[in-house]
C-alpha cells in the first residue's frame, strides 16, 4: 500500500513555462514534506520542503503548496529551464516516525524542452 | 566538508554470493539511513542509525540483509546469498539529527545475475 503517490510518471514542458508536479499521500500522521531531484547516476538532491503548519513555501523558482485537507502537495517550477530535466521525488515523514525516515513517491520524470 | 560517499559505485555479482556496500556519511552527521530504489520504483527505507542507539531495522526486507555502523561513522550494508530481486540502487543518506534534511550519496548500483 503506497502511502505517497506520484500519479504522473512523466511530464513534458516547454522552456520558460510552468512545471507542476503533483503528489498525494494517505497517512494523516505525515507532517513534513520534501521534494528531491535526481539526475541519472546521482543520488537525490534536496530541493525544497514544507511543514504541515504551512500551506506554501517558496525558494526562487520553486514553490511547494500543501493542501492538508486533500492530502495533496505540488511543486511548481517557474520558469522551467532545460537543466530542470530530472526525476522529481516527493517524500514525507511524520510524528509516528521517531527516526524521520522518509516515505517516497515513485517519482515523476520532468522533461523541459528548449 | 565532502558529501556522502558510497562504494562501490557499481557491483555485479552472481546469485547466492554475499555483497558488502559501504557508506561514508558527512562528517559530524549523527543519523544515517539506507534506502534502495528498485527499477521504476521510488526509494524504499531499509535501516536507520542514530548515534549509539540500536538501529531501526524495520525496513529490511529479509534476514539476508544486515547493516552495521562502526564508531558512529562509516556504515556497511551486507546482503547475504543475494537474489536477483536484490538488484537495485542502494542509497545512503545522513543528517545532523532527526527532522533535518537528509543528504544522499550517489548510490551503489547492484546487479545480481
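Springs join every pair of Cα atoms under 10 Å in this Gaussian network model of chain A, and among A:74, A:93, A:52 the largest mean-square fluctuation is at A:52. Once the Cα-Cα distance is subtracted from the 0.36 nm per residue extended length, the residue B:100 to residue B:22 segment shows a gain of 25.8 nm. Spin-label model, residue B:73 to residue B:15: label points 7 Å out along the Cα-to-beta-carbon direction sit 4.0 nm apart.
The simple spin-label model puts a point 7 Å past each Cα toward its Cβ; for residue A:61 and residue B:44 those points are separated by 3.4 nm. Return the whole-Å distance between the Cα centroid of the stretch B:20-97 and the Cα centroid of the stretch A:29-101. The stretch B:20-97 and the stretch A:29-101 have Cα centres spaced 22 Å from each other. Fewest-first ordering of B:70, B:82 by other beta carbons within 10 Å of each residue's beta carbon gives B:70, B:82.
Throughout, read-outs are computed from the coordinates displayed, never taken from laboratory work. What you see is a predicted model, and the numbers here were worked out from it, not measured in a lab. With ideal geometry, Cβ positions are generated from the backbone for all residues, glycine too; neighbour counts draw on all protein chains shown.
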